[in-house]
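Single-structure report; data block below.
What follows is calculated from the coordinates using simple rules that are stated; it is not laboratory data. Owing to the predicted nature of the structure, the values given are computational and were not obtained by experimental measurement. Cβ atoms come from the backbone with ideal geometry, glycine included; neighbour counts cover every protein chain shown.
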């Protein structure tokens, strides 16, 4: 395995790990700046956009799209395993976590999971397409522009979709009497808080994008045993 393949494997692993963590911890909320309720799932989630931008920059659109599709199926697999584990009977004398605690932590609401998966797939593909649109438009210049312009738009789409589907649409369809959709005002508060956090991280990770691009191109370009036909880094 050459350096290019190892770097791609590492980036893909970071992407998939951050994505799975986002879904697993999404049930806990905190107040951003003491005002906006947002899921702790937004802490690792912005990392996925940074990684897809790096993969897009170094390996091209096809590889980035491949990682996005793989992330969807890996997330689906993780959710299925968690739901099956939640339904497994508890051996009372041989467990450290009782069923109620396990369900409270890992009993993912179907609406939240569905919303997260659909929003993720939509936003990530939008991010990849916009990234390459800005790259073509600027003839490969201005890394900061394509990094931030693609991420800011895709993160807004993600925030609107996941909150609308999970907190407004799903409660209308689940048939449960004890769940009801939140008001538009509450939904907008959650959307705004989530997006502000994601936008701030997008701006802050710009130096990491520059550093990551430079380091990857330098490390891969100096590979003593490059693979035949490998796409060269850079525009």
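Report, in degrees rounded to the nearest 10, the 0 to 90 angle that the Cα long axis of helix 206-221 makes with the longest principal axis of the chain.
The two axes meet at around 50 degrees.
Using just the helices of the chain, give the 222 nm mean residue ellipticity in deg cm²/dmol: DSSP H runs with n ≥ 4 each add -39,500 (n - 2.57), and the total is spread over all residues, rounded to 500.
Computed mean residue ellipticity for the chain: -23500 deg cm²/dmol.
Points 7 angstrom from Cα along the Cβ direction at residue 101 and residue 173: gap in nanometres?
Going by the 7 Å Cα→Cβ label model, 3.5 nm.
Would you mind calculating the gained length between residue 137 and residue 93 on full extension (0.36 nm times residue separation, minus the Cα-Cα distance), in nm to one decimal?
Contour length minus Cα-Cα distance gives 9.5 nm.
Spin-label point model (7 Å from Cα, Cβ direction): what's the residue 204 to residue 70 distance in nm?
2.8
How far is helix 45-59 tilted off the main Cα axis of the chain, in degrees rounded to 10, range 0 to 90?
Tilt of helix 45-59: around 20 degrees.
In degrees from 0 to 90, rounded to the nearest 10, what is the angle of the helix 184-204 Cα long axis to the longest principal axis of the chain?
Taking Cα atoms only, the helix is inclined about 30 degrees.
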